[in-house]
Amino acid sequence: MSNENQQPTPDVEQNPSSDKVSPFLSSPLPQGAPQGQQQSLQQGHASAPTGAIPKYNLPRGANTGNVGETTHFGYQTVNSDDKAQKVAEVFHSVASKYDIMNDLMSFGIHRLWKRFAINMSGVRRGQHVLDIAGGTGDLAKVFSHEVGPQGHVVLSDINESMLNVGRDRLIDAGCTNVDFILANAETLEPFADNSFDLVSISFGLRNVTDKDAALQAMYRVLKPGGRLLILEFSKPVFEPFSKLYDLYSFTALPIMGKLVANDSESYKYLAESIRMHPDQRTLKGMMENAGFQSCDYHNLTGGIVAVHRGFKL
């Protein structure tokens, strides 16, 4: 919910013997991928997978060469190589309590934010959707229903603990048109160019080390005419509200994290990572620099959260 100059090799060896490639993948599934998932991806639709999730290009740290030697992890300055591991530790720690904490922290409002984002997505029957940093699958579950049996959803995350929770939830919900792949948002390596009608990332972009590289990768995998949808914490637009929000974030969140997830430090990082994320206009400019057209954003709950859209023309 996310990682130098040389690209790391995939964690799992690619399968050279497969002569069919999914329309979404630039290379075959790696060896060790569940057979049912190999077949479903090759045929362009999914069946419920079992066993290990395919892993692609999972970095030990920032891997694009477009970031400096140091970056931020919350308010800390860390080596760029180390950020991905630190973020991974946060989400491994909170995965099992992630959904409960979302409800508590937002008083349930996160469900309205996500519904608004889905309504803005314009997703239709039969379309292909990539949900990046999709974690426990809130958006992917709805997208699965919206695209229908002729459509397809790929739920991707860099954190295996989060993705396992999402896979279990969606399989239990009967979502048979979803596949699950561990991948790095900075490269989206397994996915072919011009593959998806919609790419979404919800509360995950702020954890990515090289956001510019991630936006460029999202642009690459979108079809012409496709859209990018980003739901992320942002900057409150009213100063008195902002001060109250800071008080809540830096006092209540760590306390709730300690009581519910037995982890106050991860929720302290959450508050800090939100403050370090680009504001609404800056993120819009980054999207435009990556090639997206007709970019806009909509503030929700006074700017605590914003939904950004951009199109690949």
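The values are calculated or read from the model by the stated rules, or taken from the named source; none is laboratory data. The shown structure was predicted, so the numbers you read here are calculated from the model rather than taken from an experiment. We place every Cβ from the backbone using ideal geometry, glycine too, and count neighbours over all the protein chains shown. Each accessible area value is taken on the protein alone, full model and side chains, heavy atoms only, with ligands, DNA and RNA left out. Shrake-Rupley method; radii C 1.70, N 1.55, O 1.52, S 1.80 Å.
Working only within segment 138-151, note down all residues that are more than 17 Å from the chain's Cα centre (by Cα) and crowded, with 20+ Cβ neighbours inside 10 Å.
Those that are more than 17 Å from the chain's Cα centre (by Cα) and crowded, with 20+ Cβ neighbours inside 10 Å: V147, G151.
In this structure, does E89 turn out to be modelled with pLDDT under 70, in a helix (DSSP H, G or I) and open to solvent by 30 Å² or more (accessible area, probe 1.4 Å)? Explain how you work it out, then say what you get.
Numbers: modelled with pLDDT under 70: yes; in a helix (DSSP H, G or I): yes; open to solvent by 30 Å² or more (accessible area, probe 1.4 Å): yes.
It is true that E89 is modelled with pLDDT under 70, in a helix (DSSP H, G or I) and open to solvent by 30 Å² or more (accessible area, probe 1.4 Å).
Would it be correct to say that L170 is crowded, with 23+ Cβ neighbours inside 10 Å, assigned to a strand (DSSP E or B), touching a helix residue (DSSP H, G or I) at 6+ places or on another chain (Cβ under 7 Å) and at pLDDT 95 or above?
Working: crowded, with 23+ Cβ neighbours inside 10 Å: yes; assigned to a strand (DSSP E or B): no; touching a helix residue (DSSP H, G or I) at 6+ places or on another chain (Cβ under 7 Å): yes; at pLDDT 95 or above: yes.
No: the conditions fail for L170.
Which of the residues that make up segment 240-261 are in contact with a Gly (Cβ under 9 Å, 6 or more places away or on another chain) and closer than 16 Å to E272 by Cβ? Explain how you work it out, then say what you get.
Quick first cut of segment 240-261, residues in contact with a Gly (Cβ under 9 Å, 6 or more places away or on another chain) only: 241-242, 245.
Hits for segment 240-261 are S242, Y245.
Output the residues belonging to segment 92-116 that are among the hydroxyl-bearing types (S, T, Y) and either modelled with pLDDT of 70 or more or open to solvent by less than 20 Å² (accessible area, probe 1.4 Å) (or both).
Passing the criteria: only S106.
Out of all the residues in segment 193-201, is one or more under 23 Å from K312 (Cβ atoms), small (G, A, S) and modelled with pLDDT of 95 or more? Reasoning before the result, please.
Going residue by residue through segment 193-201, those that are under 23 Å from K312 (Cβ atoms) are 193-201.
Imposing the further condition that a residue be small (G, A, S) reduces the set to 195, 200.
Within this subset, residues satisfying the condition of being modelled with pLDDT of 95 or more are 195, 200.
Among the residues of segment 193-201, at least one is under 23 Å from K312 (Cβ atoms), small (G, A, S) and modelled with pLDDT of 95 or more, which makes the answer yes.
Among the residues that make up segment 273-296, is at least one of them in contact with a Cys (Cβ under 8 Å, 6 or more places away or on another chain) and more than 16 Å from I132 (Cβ to Cβ)?
Yes, there is a match, as at least one residue in segment 273-296 is in contact with a Cys (Cβ under 8 Å, 6 or more places away or on another chain) and more than 16 Å from I132 (Cβ to Cβ).
So is S156 small (G, A, S), over 18 Å from E288 (Cα atoms), open to solvent by less than 20 Å² (accessible area, probe 1.4 Å) and part of a strand (DSSP E or B) or not?
Criteria met by S156.
Filter segment 173-189 for residues that are β-branched (V, I, T) and assigned to a loop (DSSP other than H, G, I, E, B); which is most open to solvent (accessible area, probe 1.4 Å)?
In this case the residue turns out to be T176.
Residues checked against (1) within 28 Å of S106 (Cβ to Cβ); (2) surrounded by fewer than 22 Cβ atoms within 10 Å (Cβ to Cβ); (3) touching a Pro at 6+ places or on another chain (Cβ under 8 Å):
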site: V208; (1), (2), (3): yes, no, no
site: D212; (1), (2), (3): no, yes, no
site: Y219; (1), (2), (3): no, yes, no
site: I230; (1), (2), (3): yes, no, no
site: K235; (1), (2), (3): yes, yes, no
site: D246; (1), (2), (3): yes, yes, no
site: K258; (1), (2), (3): yes, yes, no
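Can you find, within segment 264-279, the residue that is most open to solvent (accessible area, probe 1.4 Å) among those that are part of a helix (DSSP H, G or I) and within 13 Å of L205 (Cβ to Cβ)? Spell out the reasoning first.
We begin by selecting, within segment 264-279, every residue part of a helix (DSSP H, G or I); these are 264-276.
From the residues that got through so far, the ones that are within 13 Å of L205 (Cβ to Cβ) too are 273-274, 276.
On the way: S273: 4, I274: 11, M276: 75 Å².
Filtering first and then ranking leaves M276.
Kindly list the number of the only condition in (1) assigned to a strand (DSSP E or B); (2) at pLDDT 90 or above that fails for H72.
So H72 meets the others, but not (2).
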